[in-house]
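Only one structure is covered here, and it is reproduced in the block below.
The values are calculated or read from the model by the stated rules, or taken from the named source; none is laboratory data. It should be emphasised that the depicted structure is a prediction, and the values quoted were computed from it without experimental measurement. Cβ sites come from the backbone with ideal geometry, for glycine too, and all protein chains shown count toward neighbours. Accessible surface areas use protein heavy atoms only, side chains included; no ligands, DNA or RNA. Shrake-Rupley method; radii C 1.70, N 1.55, O 1.52, S 1.80 Å.
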Amino acid sequence: MIHGAVLNISFWLWFFFLNLLFFIPLYLLYFKETDFFPRKGFQKLTTKRKIGYPFFRTNYDLFRVNGDFALGSLLVYLFPNKFTIALLITIFLIGLIYQIYHYSIAKIYVVKPVLYNDLTIIKSGIDIFYYPNKILFSLGMFLLLGTLVGLGYLVFHYTSVIQGLTLSLADKGLAFLFVLFGLYTSYRYKRENYAPLAFPSPLFRFWDNLSQSLVARKFLTALKDQSFDQFNLYDNLKLEQRPNIIILAIESYGSVVFNKEDTKGFYQNVLKKSQKKLDENGWHISSNLSTSPIVGGGSWMSYSSVEYGLK
């Protein structure tokens, strides 16, 4: 008989072990920001930051709980049936996959992930890894699939453990508190960065991502229907001879090397030498700095805006 105030250690060991798997991608990708313990200097934070500290922390510590997983675990215990078991396994696998996707895009491209836009990046990444190493890529995908199946079976075993335990009032109360924290976090910080959330809801962010994807799809569909002829002022210009024009886009470095005295001189000398070689062979060169309409990935927007004369 478990008293109401006593926690069931077996349940919480299983719960926090599986819960930890959700955040391993976060710890690996944000390794430099991960210290596994609450940040020092708490007293120096503003009152607002102190109040929000239990829910929103940019130091990626171990004290984080997946609200969806807590809800699914509670449902399996209160309503043990095939549906709740399948629901928990689905919550776990989809949540884990989404965590990996979201953290990766946010870390690499420093943008809010939108699946409709990111599918092109994902497809390009698959092509890069697949064609040069088809066998190795296939083995990797087989290993990934096997890992997901293994994790699914592990969660299934976890549901059996849950059904065989007697949870105290304290156990159910703590699990319910995690669910409430997850709901509060999803509502309160729905427009904030995802990674710092201490009680994230991958399913809520996945749904929000799908909503943003529909907006992006609608915008791009409308953009395709627009005519860009108004920006092409030279379409009807007749030339006696069409020149070969090559546009080279060099990302990020132009303004940096010109603004730093220790690199500006060297860079200008390289340009002069290149100019001389091209002139000797009948080519002409012109360079300029553009105002990029985007940062942190999505380079196609920069190139297409130049080609259409928008920037």
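With the structure loaded, tell me whether residue 208 is modelled with pLDDT of 85 or more, surrounded by 14 or more Cβ atoms within 10 Å (Cβ to Cβ), within 25 Å of residue 15 (Cα to Cα) and acidic (Asp, Glu) or whether it fails that test.
So residue 208 does not fit the description; no.
Under the condition of being of a type outside the set (Ser, Thr, Tyr) and exposed (fewer than 15 other Cβ atoms within 10 Å of the Cβ), which residue from the range 108-121 is modelled with the highest pLDDT?
Among residues in the range 108-121 that are of a type outside the set (Ser, Thr, Tyr) and exposed (fewer than 15 other Cβ atoms within 10 Å of the Cβ), the one modelled with the highest pLDDT is 119.
In the range 133-148, is there at least one residue being surrounded by 14 or more Cβ atoms within 10 Å (Cβ to Cβ) and more than 30 Å from residue 13 (Cα to Cα)?
Within the range 133-148, one or more residues are surrounded by 14 or more Cβ atoms within 10 Å (Cβ to Cβ) and more than 30 Å from residue 13 (Cα to Cα).
Quick check, is residue 264 open to solvent by 70 Å² or more (accessible area, probe 1.4 Å) and at pLDDT 60 or above?
no
Out of the residues in the range 61-98 that are closer than 19 Å to residue 188 by Cβ and within 23 Å of the chain's Cα centre (by Cα), state the one that is most open to solvent (accessible area, probe 1.4 Å).
In this case the residue turns out to be 63.
How many of the residues in the range 186-204 are at pLDDT 90 or above, crowded, with 20+ Cβ neighbours inside 10 Å and in a helix (DSSP H, G or I)?
Qualifying residue count, the range 186-204: 2.
Of all residues in the range 40-52, count the ones that are open to solvent by 90 Å² or more (accessible area, probe 1.4 Å) and either touching a Cys at 6+ places or on another chain (Cβ under 6 Å) or not in a helix (DSSP H, G or I) (or both).
Counting residues in the range 40-52 that are open to solvent by 90 Å² or more (accessible area, probe 1.4 Å) and either touching a Cys at 6+ places or on another chain (Cβ under 6 Å) or not in a helix (DSSP H, G or I) (or both) gives 1.
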